[in-house]
Structures are given as structure tokens and as C-alpha cells.
Amino acid sequence: MFDGKEHPQLNFHSKFMFESLKLAEIAAREGEIPVGAVVVRGNRIIGKGYNQTEKLKDPTAHAEMIAISAACSTIEEKFLPDCSIYVTLEPCPMCAGAIVLSRLKRVVFGAADEKSGACGTIFNLVQNNKLNHKTELIQGILEQDCSQLLKDFFSSKR
């Protein structure tokens with residue numbers, strides 16, 4: 001579906017969101033809610049993840065959690081202060097908490113989550129002044145593509 005030909009002039013953020021979309025498609029093919037995430041340091045992906053809650057029978061196996069764990073393992077550090085996470089759907093409260101705890105510099109997401117979005121839609125955990133870390137936030141990158149993948153997935157389930 002997302003072969004890159006539809007987006008011939010990918011900018012920096014779109015390039016990494018495109019990689020997240022490819023991971024979200026894998027999740028959809030496996031019957032998971034299609035969310036993908038990558039953690040980027042500089043111009044290099046250091047962690048990847050897609051939803052695997054059904055496969056792993058684990059409610060915490062969200063794309064962001066898997067990508068953050070992979071990134072920390074790659075660089076052998078518990079904090080990611082010079083990294084960005086690109087995710088196709090706005091992070092939920094659990095994932096937003098992990099983003100804060102891992103001290104990610106930036107969150108870039110595609111589609112807003114009207115039911116549990118914790119990066120501005122329902123509330124904004126990643127920029128809460130009461131927490132010890134605030135994260136830069138960019139939203140709406142490849143939003144239409146991210147939203148359409150979710151819509152297609154859920155319409156096929158009904």
C-alpha cells in the first residue's frame with residue numbers, strides 16, 4: 001500500500017513516518033491494530049516496533065514500547081534524549097509515559113487518537129509541566145495515510 005511512489009518528495013519527518021507505516025502494515029497483516037513506530041537518532045533508525053498485543057498476549061506490547069526497548073538495547077542506554085519517535089497513531093497514556101521516562105526529545109505522530117490520545121487530543125502527558133521531562137511534539141505527518149490504514153483495518157473487522 002505505501003510503496004513510496006505516492007510520496008515522491010518525502011521530507012525528513014515523512015521519511016521516518018513512512019517507515020512506521022510499513023511496520024503498521026505488518027501489524028495489520030498479522031491481525032493487530034495497525035500501529036508502527038521507529039526511534040531515530042540523527043538520521044538512523046535505532047529501534048522499530050509494531051503492535052503485537054494479540055500475538056504476544058501482552059497488553060503492553062504496543063509499537064512505541066517495542067521500539068523504545070529496541071532503541072535502548074541498540075545504544076545500550078536507558079535514556080534517549082537525542083532521539084525522536086515516529087508513530088502512526090498518537091500515543092496512549094502508557095506509551096506517553098514511556099516516552100517521558102525514556103526522555104525522548106521528540107514525538108512525531110500521524111493520526112490523532114480521539115479515544116486515548118495522550119499527546120494533545122485527550123490530554124498532553126508528554127508536555128506536562130508537573131513531570132521531570134517535556135518532549136517536543138509534531139503531529140499530522142502523513143496523517144491521511146495513517147488514518148486511512150486504521151479505517152481500512154477496522155472496517156474489515158465489522
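Observations
- Kirkwood hydrodynamic radius (C-alpha pairs) into Stokes-Einstein, segment 108-158, 10 °C and 1.306 mPa s, D in µm²/s: 130 µm²/s
- Beta bridges by DSSP in the chain, antiparallel share as percent, to the nearest 5: 55 percent
- Counting only lysines at least 8 places from LYS130 when in the same chain, those with an alpha carbon closer than 22 Å to its own are LYS78, LYS105.
- For LYS55, the lysines whose Cα comes closer than 24 Å to its Cα, not counting residues fewer than 8 places off in the same chain, are LYS22, LYS115, LYS151, LYS157.
- Comparing mean-square fluctuations of MET94, MET65, MET17 from a GNM of the chain with C-alpha springs under 10 Å, the top value falls on MET94.
- Label point distance in nm, GLN148-LYS57, each placed 7 Å from Cα along Cα→Cβ: 3.7 nm
- Segment 123-147 versus segment 26-103: alpha-carbon centroid distance in Å: 14 Å
- Accessible area of the chain belonging to carbon and sulfur atoms, whole % at 1.4 Å probe: 50 percent
- Calculated diffusion of the chain, Stokes-Einstein form, Kirkwood radius summed over Cα pairs, 10 °C and 1.306 mPa s, µm²/s: 104 µm²/s
- In segment 80-158, the GluC sites (Glu not before Pro) that fall in loop regions by DSSP, at most 13 other Cβ within 10 Å: GLU114
The values are calculated or read from the model by the stated rules, or taken from the named source; none is laboratory data. Here the structure is a predicted model, which means the values were calculated and not measured. A quick note on method: Cβ atoms are made from the backbone with ideal geometry, for glycine too, and the neighbour counts reach across all protein chains shown. Each accessible area value is taken on the protein alone, full model and side chains, heavy atoms only, with ligands, DNA and RNA left out. Shrake-Rupley method; radii C 1.70, N 1.55, O 1.52, S 1.80 Å.
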